[in-house]
There are 2 protein chains.
Amino acid sequence: MCGISPLVARSHRQFVDWSVDYFSMDSRLKQHLPQPCNERKNMDNPFMARAIQLSLDNVLSGQGGPFGAVIVNDGKIIAEGVNRVTIDNDPTAHAEIVVIRKACARLNSFTLKDCEIYTSCEPCPMCLGAIYWAHLSRIHFGNLAADASKVGFDDSFIYQQIARPFSQRKIPMLQMMREEALAAFRSWQKKPNKISY
Amino acid sequence: MCGISPLVARSHRQFVDWSVDYFSMDSRLKQHLPQPCNERKNMDNPFMARAIQLSLDNVLSGQGGPFGAVIVNDGKIIAEGVNRVTIDNDPTAHAEIVVIRKACARLNSFTLKDCEIYTSCEPCPMCLGAIYWAHLSRIHFGNLAADASKVGFDDSFIYQQIARPFSQRKIPMLQMMREEALAAFRSWQKKPNKISY
């Protein structure tokens, strides 16, 4: 058991305020407050509860960042994933990417049209893109991208970058040889019996 | 050899117009025009030339979509990737994701800070996110996301979706249990000797 901070409030809006206060608080002040309670008080959705448990376990086991996700099909979890970026030397190994790859392998399909994802954090642009490509039917998430940024993950920064024109992005983007590159698209258009996705 | 369409113009702006005209053209009209030329006339950057060659080969071999990419470190190609979505049943297996994973494995690192990517098409949001997570130093690309959309790939649609608030996206996004989910972030903050990325 742990102490309940007087700043903790149960409504969503109040909790947002508490969270912002806690994360932006001077560390010296934090020492004089009860620690935020890690006890899970309201794990009322079993799929999100499992995603959150995976995110916690991943921190404790030291395998990667604090992120977990599950994919649900027909009322059952068919795949689970955790962040494995550092342990696998793979910057794409976010929980959502990992779980999408596992679920597709399990269903022997490159789409997940009748499945829903439960992820412990709002997907970053990479993972949101993957969810669209996988055609998942619904996204359930816990933490916000802004929460992830507060603990050192670039989610919000990347969302901001994507919204900018090429010339204003941090990583320079240079177009070249478009005329030559279009040849593959023309070849694709003309190809008979191709598998579209 | 193939015929050169009178609509082909060599300046960038004119080529954009030609491309739009060709792809939006009625198929009956196309029959009366010379086919667009697949011959590569100006492959003046060897890294982009290789990415484009990979994209063409991938169509011809039937392994996946018309996309290829290479990663360059210290003036040499260290990894190559092609789209393998359908053959691997993996919606995340875009050329850029594939090549990033290979390059990281080769360098035994979860970042690619001193590397550049050459990709035959502007990265989709998933791949652009992956490039930011990998901290690549520069992005060179051939086709535009809009070109990809014209031949049936959702790149531009996903960019549009990301720019919208949750409530206006095609795939519903539902937040729940944020208070419980934050526990993993607090645990991460307190963890000693963690590997940040």
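The values are calculated or read from the model by the stated rules, or taken from the named source; none is laboratory data. The structure displayed is predicted, hence computed values, not measured ones. Ideal geometry is used to build each Cβ from the backbone, glycine not excepted, and the neighbour counts take in all protein chains shown. Surface accessibility is based on the protein's heavy atoms, side chains included, excluding ligands, DNA and RNA. Shrake-Rupley method; radii C 1.70, N 1.55, O 1.52, S 1.80 Å.
List of remarks:
- For the residues of A:104-114, the average number of beta carbons from a partner chain within 10 Å of their own beta carbon is 3.
- Equivalent-ellipsoid semi-axes of the range B:79-134, from the Cα gyration tensor, Å, largest first: 18, 13, 10
- A:Ile87-A:Asp44 FRET efficiency (beta carbon distance; Förster radius 41 Å; 0.05 resolution): 0.85
- For the listed residue pairs A:Lys150/B:Lys194; A:Lys170/B:Lys76; A:Lys76/A:Lys191; A:Lys190/B:Lys102; A:Lys170/B:Lys102, the alpha carbons are over 27 angstrom apart in A:Lys76/A:Lys191; A:Lys190/B:Lys102.
- Excluding ligands, DNA and RNA and using a 1.4 Å probe, chains B and A jointly bury around 10100 Å² of accessible surface, summed across both partners.
- Cα gyration tensor shape for the range A:105-197, rounded if a/c is under 1.5, else prolate or oblate: oblate
- In the assembly of identical copies, A:Ala163 has its label point, taken 7 Å from Cα in the direction of the beta carbon, separated from the corresponding points by 1.2 nm (ascending, one decimal).
- Spacing of the two label points (7 Å from each Cα toward its C-beta) at A:Gln168 and B:Gln175, in nm: 2.5 nm
- Exposure ranking of B:Ser196, A:Ser120, A:Ser156 by accessible area [1.4 Å probe, largest first]: B:Ser196, A:Ser156, A:Ser120
- Ordered from largest to smallest accessible area (heavy atoms of protein chains, 1.4 Å probe), the residues A:Phe157, B:Phe110, B:Phe141 come out as A:Phe157, B:Phe110, B:Phe141.
- Between A:Asn108 and B:Asp114, the FRET efficiency estimated from the beta carbon spacing at R0 = 56 angstrom works out to 0.90.
- In nanometers and ordered shortest first, the copy-to-copy spacing of the B:Arg106 label point, defined 7 Å from Cα toward Cβ, is 3.4.
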